[in-house]
Amino acid sequence: MTVTPRLLIVGPQGSGKGTQGARIAETFEIPAVSTGDVFRANIAEGTELGRQVQAVIEAGNLVSDELTSAVVRDRLAQPDAAAGFLLDGYPRNLAQVADLDAFLDARGENLAGVIELSVPREESIARLSLRAREQGRTDDTEEVIAHRLSIYERETAPILGVYGERGLVDSIDGVGTLDEITERILTALIARGLNPVS
Ligand code: AMP
């Protein structure tokens, strides 16, 4: 039986989940859906959604569950997500876990795995400071970074307990070269019965 690659990648800011998520999605030929990227694209394009979320994102707070879950449901309902998807940055709290459960249950679908990328706090901060210098993201200032990391620890880390009880979590060491980390993730997913396409 083939397992449909419906995957989550979870990790603190600066864990490399965006980069690794994109690599894994490419390997399985599934869309990588990053809620942060969707919001940033909407802000850049000046859409209504972008205007609604800009101040919240710049302050490093979470966008409302209602708005975020609606964005994800719309995206996952598109045809290219039928054969699987990788969600990066969603769910971010327990309420969003419940929203995703309801969406998947209604479609008779299951998650195949949750990749937890773990990196020490100091390493996350060092990577984020570098990204701030390289990319100039408005939410990558030192103060906002610390705030986002504390939200991660308080609101997002608990979702791993829930998925862990379901036996879905593979905890991956996120320190190493990009290729080493991708390899660790692929090994874990293959052990779950997933078949990379490329
Ligand atoms: P990220 O690129 O994943 O770090 O997301 C950047 C920002 O977008 C976050 O700091 C939040 O303000 C917002 N955001 C992204 N994903 C979510 C989510 N699942 N729930 C609420 N806010 C989110």
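A short reminder: the numbers here are calculations on the coordinates, not readings from a lab. Owing to the predicted nature of the structure, the values given are computational and were not obtained by experimental measurement. Don't worry about glycine lacking a Cβ; one is built from the backbone with ideal geometry, like all the others, and counts go over all protein chains shown.
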- Considering region 121-198, what Rg and Dmax in Å follow from its alpha-carbon atoms? 15.7, 42
- Item | the chain: calculated mean residue ellipticity at 222 nm from DSSP helix runs of at least 4, using -39500 (n - 2.57) | -17000 deg cm²/dmol
- Task: Return the distance in nm (one decimal) between the two label points of a simple spin-label model at A191 and A146, each offset 7 Å from Cα along Cα→Cβ.
- Result: 3.8 nm
- For region 1-150, what mean projected area does the convex hull of the alpha carbons give, in nm²? 9.3 nm²
- How much length is gained if the chain between D80 and E45 is pulled fully straight, taking 0.36 nm per residue apart and subtracting their Cα-Cα distance, in nm to one decimal? 10.3 nm
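Run the dipole for region 1-83 about the Cα centre, Lys and Arg Cβ at +1, Asp and Glu Cβ at -1, nothing else charged, and hand back the magnitude in debye, nearest 20.
Computed about the Cα centre, the dipole is about 220 debye.
Would you order T187, T138, T177 from fewest to most other beta-carbon atoms within 10 Å of each residue's own beta-carbon? Write down the numbers at each step before the final one.
Details: T187 11, T138 14, T177 8.
So the residues, fewest neighbours to most, are T177, T187, T138.
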- Choose one answer from E183, E58, E134: the residue with the largest mean-square fluctuation in a GNM of the chain with alpha-carbon springs under 10 Å. E134
- Note on the structure: If one builds a Gaussian network model of the chain from Cα atoms under 10 Å apart, the most fluctuating residue listed among P120, P79, P91 is P79
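Give, rounded to the nearest 20 debye, the magnitude of the charge dipole that the chain has about its Cα centre when Lys and Arg contribute +1 at Cβ and Asp and Glu contribute -1 at Cβ.
Details: 19 positive and 31 negative charges, 20 e Å.
Dipole about the Cα centre, nearest 20: 100 debye.
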- Item | Gap separating the Cα centres of region 59-108 and region 120-139, nearest whole Å | 26 Å
- Task: Take the Cα atoms of region 53-101, find their three principal axes, and give me the spread along each one in whole Å, biggest first.
- Result: 36, 21, 16
